[in-house]
Amino acid sequence: MTLGAYIQVPFCQSKCTYCNFHTGVVARERYQPYAEAVCREIAASVSGGAPVVDTVYVGGGTPSLLDPAALAHILDALRAAYRVEAEEITLEADPETVTPAKAAAWRAAGFDRVSLGAQSFHDTELRAAGRMHRREDIFAAVDLLRTAGFRNTSLDLIAGLPHQTPKSWEESVSQLLRIYPEHVSIYLMEIDEGSRLGREALEGGQRYSAGALPSDDAMADFYESACRRLAEAGYEHYEISNWALPGRRSRHNLKYWRRDPYLGLGAGAHSFDGSVRWANVHDAARYVRILEQGSSPREQFDPLTPLQALQEELFLGLRQIEGIDFGRIERQYAELGDRLAQLHERIERLRAQGLLQTEGTCLRLAPNKLTVSNEALVELLG
Ligand code: SF4
């Protein structure tokens, strides 16, 4: 059994208005003790034998803010504790943090993939969202990464940023295609209580350019247009929010949707061993203190019941465009007879509504209804 390793770095230079992640802006002096705490956690996390780690993902937050030596130290700690036979070692980076020295040091440390938070190619949109980078920083960052030898880069865009228009969206997609990264993620703006922008929009206020948010229909059009253009450009749409050139799907992220085991290290990181989910303490300062005391940061152990596991198979698995093998699920969860019968009825109903498709034992979301996938999944799970 192989393992994915996720390392969380919960620090950012500033807080984006739309951010609903548990990350913070802290003094730079706190970066190094944090990196040391992660190394301690890695060393203490192995129990009995050294499992094989085949994907590593350092995310955040903005892990590219850390000193490259600290990131190298974290990868070295992983190699010391586990058999790292990684097919993919990803670092998340913000464009303005990439320098020639950092890009070279990341390569030398063993990173072979960088995921860049581009979000938009329009300075008005970037500024309103509280991003630190500007359009030119994205081109400069990609050039630096390619010069340093990175041959696997992912770019993120957000559909639904304040001030985004059909024209500006098409232009952002065009600029992304000019760069032609190996991998693309497109996220739909989430309006919820978890972010400053979300709260403002829900209260009907104007701060954070909440009044300039595109409508839900416009956002759905942006997404569908991107689906078309990325397909024309040769990208495979393999997950609701993710596209890749052939052979470039994110191996690490596939583990989440396939429910393969992964170990989360760092403050707030989540883990899954195939039957139990758990999370580390969220607060970064508390996380460092706990590790300095030689204790475990793990909490919130959640052993999954068969029903919860079945629900995960559906809401995680169906995010993959190719769908899931429902025949395998029926065999694996045969003990939930009544629930499976109920599921059959719901699948039939959603199929009749054109939201789900079946082909043999394969079950998938209808490709032309991905913008309403949440509604379909909610109805399926009841
Ligand atoms: S860079 Fe990412 S994690 Fe940091 S504040 Fe912005 S959206 Fe949140």
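Find, among the GluC sites (Glu not before Pro) in the range 1-82, those assigned to loop by DSSP (not H, G, I, E, B) with at most 15 other beta-carbon atoms within 10 angstrom.
Working: sites: GLU29, GLU36, GLU41; in loops: none.
Nothing satisfies the criteria.
With a point put 7 Å past each Cα toward its Cβ, work out how far ALA69 is from PHE139 in nm, to one decimal.
So the two model labels end up 3.5 nm from each other.
Ranked highest first by the average count of other Cβ atoms within 10 Å around their residues, in what order do 59-70, 295-306, 200-211, 314-325 fall?
Numbers: 59-70: 20.8, 295-306: 13.1, 200-211: 15.0, 314-325: 17.4.
The peptides rank, most packed first, as 59-70, 314-325, 200-211, 295-306.
Of the candidates HIS282, HIS344, HIS252, which one comes out as most mobile in a Gaussian network treatment of the chain with C-alpha springs shorter than 10 Å?
Of the options given, HIS344 has the highest mean-square fluctuation.
Starting from the 7 Å offset along Cα-to-Cβ, what nm value, one decimal, do you get for the label separation of SER47 and GLN300?
About 2.0 nm, to one decimal.
With θ set to phi - 60°, apply the Karplus curve 6.51 cos²θ - 1.76 cosθ + 1.60 along the range 194-201 and write out the HN-Hα couplings as whole Hz, x wherever there is a Gly or Pro.
x, 10, 4, 5, x, 5, 4, 5
Relative contact order of the range 305-382: what whole-number percent is it, with Cα pairs under 8 angstrom and at least 6 residues apart?
Computed value for the range 305-382: 36 percent relative contact order.
Once every DSSP H run of n ≥ 4 in the chain is given -39500 (n - 2.57) and the sum is divided by its residues, what mean residue ellipticity at 222 nm do you get, rounded to the nearest 500 deg cm²/dmol?
On the way: 14 runs with 157 residues, N = 382.
Using -39500 (n - 2.57) per qualifying helix, the result is -12500 deg cm²/dmol.
Separation of the range 32-55 and the range 205-223 by C-alpha centroid, Å?
The two parts, judged by their Cα centres, are 42 Å apart.
If you bin every alpha carbon distance in the chain into 10 Å steps from zero, what whole percent lands in each bin?
5, 21, 31, 28, 13, 2
In whole Hz, what ³J(HN,Hα) sequence does the range 268-278 give by Karplus (6.51, -1.76, 1.60; θ = phi - 60°), x for Gly and Pro?
Once θ is set to phi - 60°, the couplings for the range 268-278 become x, 6, 9, 10, 8, 10, x, 9, 10, 10, 8 Hz.
What is the distance in Å between the Cα centres of the range 151-178 and the range 255-318?
32
Which residues in the range 340-382 have a backbone N closer than 18 Å to a point placed 7 Å from the Cα of SER215 along the Cα-to-Cβ line?
Backbone N within reach: 371-372.
What does the extension gain come out to for ARG346 and ARG107, with contour length at 0.36 nm per residue minus their alpha carbon separation? Walk me through the numbers before you get to the answer.
Details: separation 239, 0.36 × 239 = 86.04 nm, distance 4.87 nm.
Length difference between fully extended and current span is 81.2 nm.
Could you tell me the distance between the Cα centroids of the range 65-128 and the range 331-382, to the nearest Å?
Centre-to-centre (Cα) distance: 38 Å.
Where a number appears in this text, it was derived from the coordinates with a stated rule and is not lab data. In this text, all values refer to a predicted model and were calculated from it rather than measured experimentally. We place every Cβ from the backbone using ideal geometry, glycine too, and count neighbours over all the protein chains shown.
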